[in-house]
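A short write-up of the structure that comes next.
The values are calculated or read from the model by the stated rules, or taken from the named source; none is laboratory data. None of these values were measured; they are calculated from a predicted model. Don't worry about glycine lacking a Cβ; one is built from the backbone with ideal geometry, like all the others, and counts go over all protein chains shown. Note: areas computed on protein heavy atoms with side chains; ligands, DNA, RNA excluded. Shrake-Rupley method; radii C 1.70, N 1.55, O 1.52, S 1.80 Å.
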Amino acid sequence: MSSKHWALVGGAVACLIGVNGHAQQPQTDLAFPGYSGFLNVPSATVLNHGQADVQWSDQAFLNRRGSSGYGHYNNVSGTFGIFPYVELGGRLAWDTTQNNCYREDCGIRDLSANVKIQAPFIPEDWFTLAAGAQDLGGETGDFEAYYVVAGKQLGPVEVSLGYGKPEQTPRYLDGAFGAISYRPFPWLNLIAEHDSQDARVGIGASTPQGWLPWGLQVKGKVLAWDEGDTDNDRNFASIGLSIPFGNAPRKQRLHPMPVQPPEAQPVNTSAAEHPAKATAQRIGEQLVAEGYDNVRTASNNGTLHIWWENNLYNRDERDSILHVARKAHLAAGSHQQAELTLLNQGLPVLRQTVSLSEQQPYQVSRRFAENTVFNREQPEWDFEGSYGPSWKPRLTLSPSISSGVATEYGVWDASVAISSELAFNLWPGALASARYDAEIYQTEDFDKGGIFYNNRQRTDLVEAEIQQTFKLHPQLYTSFHAGRYAIDYNGGLNETLLLSPGGRHAIGFLGGTFSHTDSNGEDRTQALAQYTYYNPGLDAQFTVYGGQFFAEDEGFRIDSRFWFGDYALTLQYKNTDAEFVSLGWVIPLTPVRDRQFRYLQVKGNADFNYAVQTRINEDANIVSFGGAGVVTSSNPLQKTYLNRGRVAQ
């Protein structure tokens, strides 16, 4: 860079540092390339944990034959504060939308991933330090770069200096870079930077915090001036949304007892026994009136025993536990504590002892219910009831989507179906279910004769099965399934899961044999070992599958979920015949509390998941929907019995 450019940026730095301002928390915005930062330069901070930013911009830098330098291209970026000190994002860049890149020039069409990690344990009044990667593992390397950056907040002024190394040179982040911003107001940002190639000046603005509902902010940036080695006098802009992802701040939990609870005093007199049993019956009637199934209550020596099956709070069964605990607390009478047992499909799963003698219910202890096929001990019930019959049909509606994103055939191709699953509880642990999909929309490439036709959503019976689950130990479940799977296969499945005493760890097996309904079709065998870890403090879970998958490709797959209340971000890595990574999200398509009728329940999918996948570490971007496919029941153990794996203390 010439001395004139250094003088310009240096003068801006001197002016901004000289401005008096009050100390304030730095606000994080996205730079044009999709990571948190200034214009092109990344900042030394990451998005706040749980913050989600989505941005459109018209700037992309290409270094291809026949196209070198900045251009006005479409860019959509989504970046999430997935962990404290960690942000993860994806970027979709394209020029033309639906033309075939094999037949005509379509310019840029690329899907890439970004990650940035901020160093923890550095005092905030010292400085911040972060390192990141852009276009991580990408095939074409159009945006690939690695960088490290340090920063300092000086009241309303933020300064960053760093060093980068891109895959393709020359371009931004190719060597030393720096930036400075000044916020005279929290919603206004004046920016000057040198991105290693060009000096740039711009402005950013956002709606003030609190103006829009749900913590939503609208943000935008404009490149007002640039000059340097790469390009001169070009103007680019971005606009986006920032919102706290999920509903974790609004979630409430049953808290542990703050002090040692008083010991329950035996109540042996007949004068006290009768009103206690009347209380137990009254609470049972209230829970049935609320809509709970398989309710049983009893009073025994000052302890209120409540068993119930939750079909109301289908997003998170911990909401149901809190609801029942509060009901017991309000009507406790002479009871000093309650023993709450959550059932699923008639099997006791979790048991919690709750103090009722305080101003609010507190959790005294929590464990897996001791009841198994070998231990059927139960209290002598004072009340038994249910909101409708045990065989009540339950209909779940959900979209089902197959899509290709940033392929050589289009920016976004999709086949969309409405999925309907009908399930019946037969007896404890036994369930019959069927799922039917009806395609309602498809793009041209999913039509007959199109490149993605074989991966379309088919209008057909997708699955029909009967299953029986046995609880062999408080922490050991095994489930046997038989029926129709993946539309064209008849077969049987076994899923077995062993949990650690606290529920954080689980090891298991998922296997089956399948025969094609067409005599000329291929039979298949699936045999997978499984390990799951759940961290309740971070509300994150990781599942590793290894072995032979449904298509008989061998290797491993890692699934991860980062929960934000009832919502989650998902990351997936597959390594069998090829390598794939995907970024997605879980959005509940049903209310926090579902409704049900006495003889039917209709609900949305509490676990709807959509992800965007890209192939990595290959010389060419070959179109593929990815291997490592797992055929499992629509009602697997983790989902049906174990709150989607979130039972750990």
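Annotations for the structure displayed:
- Of all residues in the stretch 552-566, those that are basic (Lys, Arg) have Cβ atoms under 6 Å from Cβ atoms of residues that are surrounded by fewer than 17 Cβ atoms within 10 Å (Cβ to Cβ), 6 or more apart or on another chain, in Arg561/Thr570.
- Subset of the stretch 324-345 (residues that are open to solvent by 20 Å² or more (accessible area, probe 1.4 Å) and in contact (Cβ under 8 Å) with a residue 12 or more places away in the chain): Arg326, Lys327, His329, Gly333, Ser334, Gln336, Gln337, Glu339, Gln345
- Scanning the stretch 95-124 for residues that are of a type in the set (A, V, I, L, M, F, W, C), over 14 Å from Asn74 (Cβ atoms) and surrounded by 21 or more Cβ atoms within 10 Å (Cβ to Cβ) yields a single hit, Ala113.
- Restricting the stretch 610-625 to residues that are under 20 Å from the mean Cα position of the chain (by Cα) and surrounded by 15 or more Cβ atoms within 10 Å (Cβ to Cβ), the residue that is modelled with the lowest pLDDT: Thr614
- Only strands (runs of 3 or more DSSP E) whose full extent lies in the stretch 377-474 are considered here, and the ones with at least 1 residues that are within 30 Å of Cys106 (Cβ to Cβ), open to solvent by less than 40 Å² (accessible area, probe 1.4 Å) and not aromatic (Phe, Trp, Tyr) are 394-407, 410-427.
- Unmet requirement for Pro636, which otherwise passes all of (1) open to solvent by 20 Å² or more (accessible area, probe 1.4 Å); (2) farther than 23 Å from Gly511 by Cβ: (2)
- For the stretch 501-534, filtered to residues that are of a type outside the set (Gly, Ala, Ser), open to solvent by less than 70 Å² (accessible area, probe 1.4 Å) and in contact (Cβ under 8 Å) with a residue 60 or more places away in the chain, the residue that is farthest from Gly629 (Cα to Cα) is Tyr534.
- Looking across the stretch 46-94, the residues that are at negative phi, in a loop (DSSP other than H, G, I, E, B), surrounded by fewer than 24 Cβ atoms within 10 Å (Cβ to Cβ) and not basic (Lys, Arg) come down to Asn48, His49, Pro84.
- Residue pairs meeting the criteria (Cβ under 6 Å; at least 6 apart or on separate chains; first charged (D, E, K, R), in the stretch 141-155; second surrounded by 17 or more Cβ atoms within 10 Å (Cβ to Cβ) and part of a strand (DSSP E or B)): Asp142/Asp110; Lys152/Val159
- Selection count where residues are outside any strand (DSSP E or B) and either among the hydroxyl-bearing types (Ser, Thr, Tyr) or modelled with pLDDT of 95 or more (or both), scope the stretch 326-345: 2
- When the residues of the stretch 296-317 are filtered to those that are assigned to a loop (DSSP other than H, G, I, E, B) and touching a helix residue (DSSP H, G or I) at 6+ places or on another chain (Cβ under 6 Å), the one that is surrounded by the most Cβ atoms within 10 Å (Cβ to Cβ) is Asn310.
- Residue within the stretch 475-490 that is open to solvent by less than 60 Å² (accessible area, probe 1.4 Å) and in a helix (DSSP H, G or I) present: no
- Among the numbered conditions (1) of a type in the set (Asp, Glu); (2) open to solvent by 30 Å² or more (accessible area, probe 1.4 Å); (3) touching a Ser or Thr at 6+ places or on another chain (Cβ under 7 Å), the only one that Asp553 does not meet is (2).
- Test: residue in the stretch 539-550 that is under 25 Å from Gly246 (Cβ atoms), open to solvent by 40 Å² or more (accessible area, probe 1.4 Å) and modelled with pLDDT of 95 or more: yes
- When residues of the stretch 208-256 are limited to those that are more than 30 Å from Val647 (Cα to Cα), open to solvent by less than 60 Å² (accessible area, probe 1.4 Å) and among the small types (Gly, Ala, Ser), the one modelled with the lowest pLDDT: Gly228
- Conditions (1) closer than 14 Å to Gly629 by Cβ; (2) aliphatic (A, V, I, L, M); (3) in contact with a Phe, Trp or Tyr (Cβ under 6 Å, 6 or more places away or on another chain); number of the one not met by Ala578: (3)
- If you go through the stretch 87-100 and keep only what is over 19 Å from Ser68 (Cβ atoms) and either touching a Lys or Arg at 6+ places or on another chain (Cβ under 9 Å) or at pLDDT 85 or above (or both), you end up with Glu87, Leu88, Gly89, Gly90, Arg91, Leu92, Thr97.
- Hey, Gly604 under 28 Å from Asn454 (Cα atoms), out of contact with any Cys (no Cβ under 8 Å at 6 or more places or on another chain) and free of Cβ contacts under 8 Å to residues at least 40 places away in the same chain or not: no
- Residues (over 15 Å from Leu499 (Cβ atoms) and touching a strand residue (DSSP E or B) at 6+ places or on another chain (Cβ under 6 Å)) located in the stretch 346-370: Gln352, Thr353, Val354, Ser355, Leu356, Pro361, Tyr362, Gln363, Val364, Ser365
- When residues in the stretch 639-649 are screened for being open to solvent by 40 Å² or more (accessible area, probe 1.4 Å) and at pLDDT 95 or above, 1 of them pass.
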